[in-house]
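Before any comments, here is the structure.
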Amino acid sequence: MLEEIQAKLETEILSLMHELNIDLPERIKIAREHGDLKENSEFKAAKERQAFVEARLNHLSSRMSELSKIDVTDMAYDRVGFGSRVKVRDLGMDEVFTFTITAGDFIDLDAGQVSMASPIGRGLLGAEQGAQVSIQLPAGARQYEILELVTLPQQLEDKKS
């Protein structure tokens, strides 16, 4: 999971670096050639995009730094945490869902990924297999039973086998 997240971040960083260093300077140069910069919407749009790309690069660099500090050996082996795959039953709807607990930027509900910062992620953190948890969602409180739990340390151990 860590490698997958780092690879996604690196891909986005490379793409943004290309845009920042190659595409945007060219767009700005062309926009400057059109004359008066005060009323030049192309110039303004390119400069706004440049500021956005720089901010996004700073954010992604910060995320890479945070990920590099994660020590899997310090993670709980039997409790929901970052990278855990959790199979839960919604006791009210009697439906089963499988979630992977991810970092804040990597949310894909269709793929079953929920952020540690989301209500579901926060509600599941620290819970053990077999536990029932109550989670306050925008639509109201839900009761979940944890049917299966595979933590990140367990996943890495399985890969080594």
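The numbers here are math on the coordinates, done by the rules we state, and not lab data. Worth saying up front: this structure is predicted, and the values here are computed from it rather than measured. Heads up, the Cβs are rebuilt from the backbone with ideal geometry, glycines too, and the neighbour counts pull from every protein chain shown.
Of the trypsin sites (Lys or Arg not before Pro) found in region 1-91, the ones in coil according to DSSP and having at most 12 other Cβ atoms within 10 Å of their Cβ are K38, K69. Taking the helices alone, the chain has a mean residue ellipticity at 222 nm of -14000 deg cm²/dmol, built from -39,500 (n - 2.57) per DSSP H run of at least 4 residues and averaged over all its residues. Take the Cα of E4, go 7 Å toward its beta carbon, and the backbone nitrogen atoms of region 131-161 under 16 Å from that spot belong to 149-160.
Counting only Cβ charges, +1 for Lys and Arg and -1 for Asp and Glu, the dipole size of region 74-160 around its Cα centre is about 120 debye. Pairs of lysines in the chain whose Cα atoms sit within less than 24 Å of one another amount to 11, provided the residues are eight or more positions apart or on different chains. Here the spin labels are modelled as points 7 Å beyond Cα on the Cα-Cβ line, and at L14 and L147 they lie 3.9 nm apart. For region 2-69, the relative contact order works out to 42 percent when only alpha carbon pairs closer than 8 Å and six or more residues apart are counted. The alpha-carbon atoms of region 2-69 define a convex hull whose volume equals 60 cubic angstrom per residue.
Extension gain for E157 to Y77 (0.36 nm times residue separation, less C-alpha to C-alpha distance): 27.7 nm. Based on the Stokes-Einstein relation at 37 °C and a viscosity of 0.692 mPa s, and on the Kirkwood radius from alpha carbon pairs, the chain is assigned a translational diffusion coefficient of 178 µm²/s.
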